[in-house]
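What follows draws every value from the coordinates through simple rules; no lab data is involved. The model shown is predicted, which means the values in this text are computed figures rather than measured ones. Note that each Cβ is placed from the backbone with ideal geometry, even for glycine, and that neighbours are counted across all protein chains shown.
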Amino acid sequence: MKKLAVFASGSGTNYEAIAEACADGRIDAEVAILVCDKAGAGVLGRAVRFGTPTLVFNPKDYACKADFEKEIADRMDAIGIDLVCLAGYMRIIGEELLSRYGGRIINIHPSLLPAFKGAHAVEQAVEYGVKVYGITIHWVDESLDGGRIIAQRSFDYDGGDPAEVHRLGQVIEHQLYVETINRILNK
Ligand code: GAR
């Protein structure tokens, strides 16, 4: 069975959507590890419920990014990870992980890239008065949210409430991530 790693920093609704799809057979794979850079993140409680092994680390405990990325990559090598899914992992992937897992890392982003890169995509889109919002899944390379696009889905919203955009977007994220992971694994 194919093995996924999910990286997350926050609440973890995307992690849960992926773990649930693996559990009920909609994705023919297992989440073999959850990597989290924040002790106390909501995603960790979800991982306990699904029985996913976790690697939790504090970047401040390491001299540099390459050091913690080496630990992550070593652990993933030991498991035999096929695909890495970033799901609200609020950190730029560095050289160590890219050199060892490049071409096998995907990310979900809450905008229609290349518009609104970075950590505040929804707020910026609302500030612009955007009428067509969307979600992008893309390959991860050394650029910020700039790797080749794999999938996108849009939705209309004409209002000024970032929380509502986020809520509408997350429903799409959960479906699109499951569909896209399947497409990649079945290629
Ligand atoms: C998701 O909306 C994802 O698109 C976003 O973080 C959220 C995590 O939600 N990612 C980024 O903004 C990456 N630049 P979750 O913890 O509920 O899955």
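Any residue in segment 179-187 that is in a helix (DSSP H, G or I), within 14 Å of the chain's Cα centre (by Cα), surrounded by 15 or more Cβ atoms within 10 Å (Cβ to Cβ) and not charged (D, E, K, R)? Scanning segment 179-187, I find at least one residue that is in a helix (DSSP H, G or I), within 14 Å of the chain's Cα centre (by Cα), surrounded by 15 or more Cβ atoms within 10 Å (Cβ to Cβ) and not charged (D, E, K, R), so the answer is yes.
Name the residue that is surrounded by the most Cβ atoms within 10 Å (Cβ to Cβ), counting only residues in segment 36-50 that are touching a helix residue (DSSP H, G or I) at 6+ places or on another chain (Cβ under 8 Å) and not aliphatic (A, V, I, L, M).
CYS36
Screening segment 69-95 for residues that are among the hydrophobic types (A, V, I, L, M, F, W, C) and out of contact with any strand residue (DSSP E or B) (no Cβ under 6 Å at 6 or more places or on another chain) and picking the one that is nearest to the ligand (Cβ to nearest atom) gives MET90. If you check TYR101, TYR133 for being away from the ligand (no atom under 14 Å from the Cβ), within 24 Å of GLU16 (Cβ to Cβ) and crowded, with 17+ Cβ neighbours inside 10 Å, only one passes: TYR101. Those strands (runs of 3 or more DSSP E) of segment 79-174 in which at least 3 residues are without any contact (Cβ under 8 Å) to a residue 40 or more places away in the chain and not hydrophobic (A, V, I, L, M, F, W, C), considering only elements entirely within it, cover 132-139. The residue that is farthest from GLY88 (Cα to Cα), counting only those in segment 154-172 that are within 12 Å of the ligand (Cβ to nearest atom) and touching a Gly at 6+ places or on another chain (Cβ under 9 Å), is VAL165. Scanning segment 145-167 for residues that are surrounded by 13 or more Cβ atoms within 10 Å (Cβ to Cβ) and among the aliphatic types (A, V, I, L, M) yields ILE149, ILE150, ALA151, VAL165.
The residues of segment 1-32 that are within 14 Å of the ligand (Cβ to nearest atom), assigned to a strand (DSSP E or B) and of a type in the set (Gly, Ala, Ser) amount to a single one, ALA8. Reported count of residues in segment 51-72, each being hydrophobic (A, V, I, L, M, F, W, C) and surrounded by 20 or more Cβ atoms within 10 Å (Cβ to Cβ), is 2.
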